[in-house]
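Everything on this sheet refers to the single structure shown next.
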Amino acid sequence: MRHWMPLLAASLLAACASGPRRADTVTAASVVDPVALSGQPGPADPTSYVIGATDLLNISVFQVPDLSLEEARVDASGSIQMPLVGSVAAAGRTPDQLAREIEAQLGGRYLQNPRVSVTVAEAASQKVTVDGAVTKPGVYVMRGQTTLLQAVAMAEGPNEVADLRSVAVFRTTPAGRMVAVFDLKAIRAGQAVDPVLLGDDVVVVDTSRLSETTQRALAALPGVAAVFRYW
């Protein structure tokens, strides 16, 4: 048994020397500062969010409750059904744009100076992919504004081999694909901003070189425990 102990110790030390993922080593996307990614508008921003099919909307017509709708689902064709005016195209518009369109249709025939507000109750058309060292990787529906911490929680949290210092968020923009790497431990501790995700973002939780369970098991072996004191 002794002859393989030095080899095992050497491999453990090499693993310990490897740090978390560096953003500048990612070649599949342009690297951006995490602060820049965090500052981008999120899905709940009424000036930027684009409504999609299956989204759930709240539509309020000021002082006309009979024309207001709670939790109106955008259908597969991208439309909603409004009292009096019938079908109104919602997909592809921001909430503000849709509100102005409803005002125009109501004001043309039924009301004088109608005031309409539209909010997104559920951004069901927006999805985020969570992959890597999480309990349940998959594609998840974003229920309104969703942060990085919330997305990882939807995947039932990091698994035992996750490296929380190295969580990459990939995003496709008109300028191309970009990536930023976040420290989830710092976010959890309130030491860093928890970024708001956008639809179609991809979150990848990196894998640590050795899980805590593996470390405990190896530390129990004769001659190996001393290695861990230097980590």
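The values are calculated or read from the model by the stated rules, or taken from the named source; none is laboratory data. Here the structure is a predicted model, which means the values were calculated and not measured. Reconstructed Cβ throughout: ideal geometry from the backbone, glycine too, with neighbour counts over all protein chains shown. Side chains are part of the model used for accessible areas, which takes the heavy atoms of the whole protein and leaves out ligands, DNA and RNA. Shrake-Rupley method; radii C 1.70, N 1.55, O 1.52, S 1.80 Å.
Observations
- Residue under evaluation N58, criteria (1) within 17 Å of A121 (Cβ to Cβ); (2) at pLDDT 95 or above; (3) more than 24 Å from the chain's Cα centre (by Cα), criterion not met: (3)
- Remark: pairs (first residue in segment 175-191, of a type in the set (K, R); second residue open to solvent by 30 Å² or more (accessible area, probe 1.4 Å) and in a helix (DSSP H, G or I); Cβ separation under 6 Å; 6+ apart in sequence or on different chains) are absent.
- Whether a residue is farther than 30 Å from S208 by Cα, surrounded by fewer than 16 Cβ atoms within 10 Å (Cβ to Cβ) and at pLDDT below 50 was assessed, and P6 does not pass this test.
- Any hit, segment 67-81, residues being over 30 Å from D200 (Cβ atoms) and at pLDDT 50 or above: yes
- When the residues of segment 113-139 are filtered to those that are open to solvent by 40 Å² or more (accessible area, probe 1.4 Å) and without any contact (Cβ under 8 Å) to a residue 40 or more places away in the chain, the one that is nearest to E101 (Cα to Cα) is N113.
- Scanning segment 74-91 for residues that are under 26 Å from the mean Cα position of the chain (by Cα) and crowded, with 17+ Cβ neighbours inside 10 Å returns V74, G78, A90, A91.
- Taking the numbered list (1) at pLDDT 80 or above; (2) open to solvent by less than 10 Å² (accessible area, probe 1.4 Å); (3) of a type outside the set (K, R) in turn, V224 passes all entries but (1).
- Number of the exception - P114 against (1) under 17 Å from T207 (Cα atoms); (2) touching a strand residue (DSSP E or B) at 6+ places or on another chain (Cβ under 7 Å): (1)
- Meets criteria (out of contact with any strand residue (DSSP E or B) (no Cβ under 8 Å at 6 or more places or on another chain) and surrounded by fewer than 17 Cβ atoms within 10 Å (Cβ to Cβ)) for E156: no
- Residues of segment 140-153 that turn out to be farther than 16 Å from V205 by Cβ, open to solvent by less than 50 Å² (accessible area, probe 1.4 Å) and not small (G, A, S), as a count: 2
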